[in-house]
Amino acid sequence: MEFNINDPHYEMKMNAVTALYNVIDPELFVNIIDLGLVYDLDFSDDAKIKVTMTLSTKHCPLGDAIKQGVTNVLGMAFPERETEIEIVWEPEWNFDMMSPEGRRDLGLD
Amino acid sequence: MPGLDIGKAPANSVVLPFYAAGALAFLVLTTLMLLSAFPLLGGYFNPHILAIVHTAALGWGSMVIFGAAYQLLPVICENDLWHEGIAKVSFYFLILGAAFLVVCFWFFTTGLWMILGGSLVFVAAVLFLCNVLKTASGGKPFNVQKLFIVSSAVWLLLTVSIGILLAVNLRWPYISVNHLHILTLHAHAGLVGWFLQLIVGVSAKLVPMFLLGKSKKDNLLKTAFIFQNTGLVLLLLDGFFFGPGWRYLVYGLLVVIGIVFWLLYLRDVCRHRIKKPLDFSMKHTFLSFLSLLVAIAFVPVVWFGNSQKWAMLYGLFIFVGWISSLILGMTFKTLPFIVWNSKYKMLNGKAKIPLPRQMYWHKLLSVQFWIFVAGLYIIALSLIFEARLPLQIGLGLMWLTALIYVSNILKVLTHKTVILD
C-alpha cells in the first residue's frame with residue numbers, strides 16, 4: 001500500500017497505518033500492515049474511514065477478531081469517524097505481499 | 001459485499017466440551033494401558049484390549065476430532081456450521097455411548113447395555129453426518145478437502161452400524177461367518193474410512209495454513225481419494241461375501257497407494273512452504289505420519305507372521321503413533337486460538353494482550369513430545385521382545401505424556417482474561 005504525498009488525506013492515512021500496526025494476526029504473530037493484508041484506506045467521506053483489506057484464509061475463525069482489531073484502533077485514532085471495513089478476495093493475498101519487516105518477524109529472512 | 005466470507009466461529013460451548021472430554025479420555029486410555037500391561041503381550045480379542053481400543057477410537061480420537069471438525073468445517077467448507085445445537089447434542093450421545101461401550105468391554109458385559117452404547121454412538125454419528133452434509137452443501141461448490149470430510153462422516157456411520165451388529169452377535173450369535181473376521185472389517189472401515197479420510201481432508205487444509213505453503217497439485221488428493229475408497233470398498237465387499245484371502249493384500253495396497261498420494265501432496269506443500277522451522281506441534285504431526293508408514297510396514301508381517309504381537313504393534317502405531325500423536329500436536333494449533341478468540345477478540349488492538357501461544361506452557365510441549373517419542377518406541381520394542389518391565393516403563397511414560405497434555409489443556413480452558421503491562 002503506497003500513498004501519494006500530494007494526497008489531501010496523506011497525513012490521516014499515515015496515522016491510520018501507524019494505528020493499524022497494533023493489530024496483530026494471532027496465528028502468525030505479525031501485524032496486519034507488515035503482512036500486507038490492508039489494501040486501501042479511503043478518507044473521502046468526512047464521517048467514515050473505508051478500509052479495504054483481505055485475510056490470509058477465507059472463512060478463517062480469527063477473521064472476525066482481526067476485523068474487530070481494525071475497528072478498535074481506528075476508532076481510537078479517529079473518534080469522529082466511523083470505520084467501515086470491506087473484506088475482498090481479489091487480489092488474493094500471497095506471501096509476496098509481506099513487507100521485509102513482516103518476513104523478518106516470521107523468521108523467513 | 002462487506003463481511004462476505006468472514007468466519008463466524010461456532011460458540012465455545014459447542015467445541016470445548018469435546019476437547020475437555022477427549023483429554024480426560026486420553027488419561028483414562030493411558031491408565032487402562034498401564035493396568036493392562038500383561039494382556040498387551042497376548043492376543044487382541046481380549047476384553048481389556050477391546051476396552052482400550054474403544055477408549056482410543058471413541059473417547060479420545062473421535063471425541064477430539066468431532067470438536068476440531070465442528071470448528072474447522074466452516075474453514076474447509078467456507079460456510080458457517082449448519083446447526084450448533086445439534087453439534088452440542090452429539091457430544092452427549094458420543095460421550096455416553098463411548099463410556100457405556102468401554103465399561104461393557106472392560107467387564108465383558110455383552111447384551112443390551114453394550115448395544116445401547118453402540119446405539120448412542122450411532123445417533124452421534126448421524127448428527128455429525130447431518131451437520132457435515134448441510135454445512136458442506138451450502139458453501140463453495142467443490143473442493144477435494146470437503147469431499148474427504150463428507151466421505152469420512154459416511155464411513156463413520158457405516159463403521160458404527162457394523163459395530164452394533166457385532167455387539168448383537170456377541171450376545172445372540174446370528175452372523176454365519178467368523179466374528180473376528182467381521183471385526184477386522186469393522187476396524188478397517190473405521191481406520192481407513194473414518195480416521196484416515198478425515199485426517200487427509202483436514203490436513204490438506206491446515207498444513208498449508210500452518211506452514212505458509214501452498215500446493216497446486218490437487219490432483220494428488222483426488223487420486224488419493226479414489227485409491228483409498230476403492231481399496232476400502234473392495235475390502236469390505238469381498239470380505240463380507242467371500243471371506244478373507246490373499247486379495248486383502250491387493251486392496252490394502254490400493255489404500256497404501258492412496259496414502260502415498262496424500263503424503264506426496266503434503267511433501268509438495270512442505271517444499272513450497274516459507275515458514276521453515278517446525279514447532280513441536282508440527283513435529284508431533286509429522287511423527288504421526290511417520291508412524292502411519294511404520295504401521296503399514298507391519299501389515300505383511302501381521303498377515304504372514306504367526307504371532308499376535310505383530311497385530312498389537314500395528315494397533316500401537318495406528319492408535320498411539322498416528323492418531324494420538326496427531327491430536328497431541330494439533331490440539332495446540334487449534335484450542336488456544338478458540339479460547340483466545342472468545343477472551344480477546346474485542347480487546348484486539350485496544351490493549352496489550354497475550355498471544356494464543358502464551359495461554360499454555362509452551363516449553364512443556366517439547367517435554368511432552370520427547371516423553372511421548374520415548375514411550376512409544378519403548379512400548380514397541382517391549383512388545384517385539386516381549387519384555388514386561390520395559391513395557392511398564394514405556395506405558396508409564398505414555399501416562400506421563402497424558403498428564404502433561406491434560407495439565408496444558410486445563411491451563412488453556414481455565415485461562416482468565418489478562419491485560420499485559
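Values as computed for the structure displayed
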quantity	calculated
Residue that is surrounded by the most Cβ atoms within 10 Å (Cβ to Cβ) [pool: residues in segment B:50-85 that are more than 22 Å from B:Ala99 (Cα to Cα) and among the hydrophobic types (A, V, I, L, M, F, W, C)]	B:Leu73
Residues that are under 19 Å from A:Ile66 (Cα atoms) and surrounded by fewer than 15 Cβ atoms within 10 Å (Cβ to Cβ), drawn from segment A:92-109	A:Glu92, A:Asn94
Of all residues making up segment B:61-110, the number that are of a type in the set (S, T, N, Q) and away from chain A (no Cβ under 14 Å)	4
Qualifying residue in segment B:250-268 (condition: touching a Leu at 6+ places or on another chain (Cβ under 8 Å), of a type in the set (Gly, Ala, Ser) and modelled with pLDDT of 95 or more)	yes
Residue match in segment B:293-316 (condition: crowded, with 17+ Cβ neighbours inside 10 Å, within 14 Å of chain A (Cβ to nearest Cβ) and basic (Lys, Arg))	no
Residues (assigned to a helix (DSSP H, G or I), free of Cβ contacts under 8 Å to residues at least 40 places away in the same chain, surrounded by fewer than 18 Cβ atoms within 10 Å (Cβ to Cβ) and of a type in the set (A, V, I, L, M)) located in segment B:385-404	B:Leu389, B:Ile393, B:Leu400
Given (1) free of Cβ contacts under 8 Å to residues at least 60 places away in the same chain; (2) over 21 Å from the mean Cα position of the chain (by Cα), index of the condition B:Ala189 fails	(2)
Residues located in segment A:1-60, provided they are more than 10 Å from every other protein chain (Cβ to nearest Cβ), under 14 Å from the mean Cα position of the chain (by Cα) and small (Gly, Ala, Ser)	A:Ala16, A:Gly36
Candidates B:Val233, B:Val202 - the one that is within 22 Å of B:Leu129 (Cα to Cα) and modelled with pLDDT under 95	B:Val202
Any hit, segment A:73-84, residues being at pLDDT 90 or above, more than 7 Å from chain B (Cβ to nearest Cβ) and either closer than 19 Å to B:Ser215 by Cα or surrounded by 21 or more Cβ atoms within 10 Å (Cβ to Cβ) (or both)	yes
Segment B:228-255, residues that are touching a residue at least 24 places away in the same chain (Cβ under 8 Å) and surrounded by fewer than 17 Cβ atoms within 10 Å (Cβ to Cβ)	B:Thr230, B:Phe240, B:Gly243, B:Pro244, B:Leu249
Residue match in segment B:102-115 (condition: part of a helix (DSSP H, G or I), closer than 30 Å to A:Lys58 by Cα and either in contact with a Phe, Trp or Tyr (Cβ under 6 Å, 6 or more places away or on another chain) or modelled with pLDDT under 95 (or both))	no
Tally of residues being under 24 Å from B:Leu127 (Cβ atoms) and touching a residue at least 40 places away in the same chain (Cβ under 8 Å) across segment B:154-186	7
Total residues in segment B:72-101, condition charged (D, E, K, R) and either assigned to a helix (DSSP H, G or I) or modelled with pLDDT of 95 or more (or both)	2
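The values are calculated or read from the model by the stated rules, or taken from the named source; none is laboratory data. The structure presented is a predicted model; accordingly, all values stated were derived computationally and were not measured. Cβ atoms come from the backbone with ideal geometry, glycine included; neighbour counts cover every protein chain shown.
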